[in-house]
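Working notes for the structure below.
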Amino acid sequence: MSTGEGVPMPDAAAPDFCLPVGAGRWLRLASLRGRPVVLLFYPADDSPVCAAQLAGCTAALAQFDRYGAVPLGLSVDGYRSHRAFAQRQGIGFPLLSDSVPRGAVARRYGVYQPQGAVAGRAVFVLDRDGVVTYTHLSSIDDDPGVDGILDAIRRLPPGEPATVPAHSSDISFYPAFTG
């Protein structure tokens, strides 16, 4: 996948969003300010490459925690599909549904692929101020792994220690979003 128009590159502010993570539960990106965030855009639940990519990130959760980084998976699948996929694969971090309108956040990040109506495979690491420090775009068939992500997180300036593990189910979820 080549760099698409509008892809936030390093030193750009990451576009804010608020997406569902479950029935009546939403997560706003800005609520995670003060912590590094890893945005993992992926095409579809239950595809072998997506399962491998997210399993690799789950295996690295202790390393994400060490740096206070919050990994978030994003695809155009609905939250019910995400829940079933996460349970089957043992994924230990939130999967956000970019399904209504389809791919709206992926479009804002320049990674929506209209030919398949899916998010492309892309990784963005954000610093504690919500600024992009690392961008990696891959083809749909390639698992980018976690090494580049972990290197980018390690290069961030140290901040206050996080008090909540990065994969905790209670980080900044909202009961409903009406705005």
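The values are calculated or read from the model by the stated rules, or taken from the named source; none is laboratory data. All values reported here derive from a predicted model rather than from experimental measurement. All Cβ positions, glycine included, derive from the backbone under ideal geometry; neighbour counts span all protein chains shown. To get the accessible areas, we keep the full protein, side chains included, count just its heavy atoms, and leave off ligands, DNA and RNA. Shrake-Rupley method; radii C 1.70, N 1.55, O 1.52, S 1.80 Å.
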Seminar exercise, completed: Restricting the range 1-32 to residues that are part of a loop (DSSP other than H, G, I, E, B) and among the charged types (D, E, K, R), the one modelled with the lowest pLDDT turns out to be Glu5
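Being farther than 13 Å from Ala44 by Cα and touching a residue at least 60 places away in the same chain (Cβ under 8 Å) is the filter here; which residues of the range 108-119 pass it?
Within the range 108-119, Arg108, Tyr109, Gly110, Val111 qualify.
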Problem set entry | Condition check for Ala69: within 16 Å of Val131 (Cα to Cα) and among the hydrophobic types (A, V, I, L, M, F, W, C) | yes
For this session: Please enumerate the residues belonging to the range 44-58 that are open to solvent by 10 Å² or more (accessible area, probe 1.4 Å) and in contact (Cβ under 8 Å) with a residue 24 or more places away in the chain.
Result: Ala44, Asp45, Asp46, Val49, Ala51, Ala52, Ala55, Gly56, Thr58
Exercise. Applying the selection to the range 77-106, what residues are among the charged types (D, E, K, R), under 17 Å from Phe41 (Cβ atoms) and not in a strand (DSSP E or B)?
Worked result: Asp77, Asp98
Exercise. Is there any pair linking a residue in the range 80-94 that is of a type in the set (A, V, I, L, M) to one that is open to solvent by 30 Å² or more (accessible area, probe 1.4 Å), with Cβ under 9 Å and at least six apart or on different chains, and which?
Worked result: Ala84/Asp46; Ile91/Ala55; Ile91/Thr58
Exercise. Which one of the conditions (1) touching a Gly at 6+ places or on another chain (Cβ under 6 Å); (2) within 18 Å of Asp127 (Cα to Cα); (3) in a helix (DSSP H, G or I) does Arg35 fail to meet, given that it meets all the rest?
Worked result: (3)
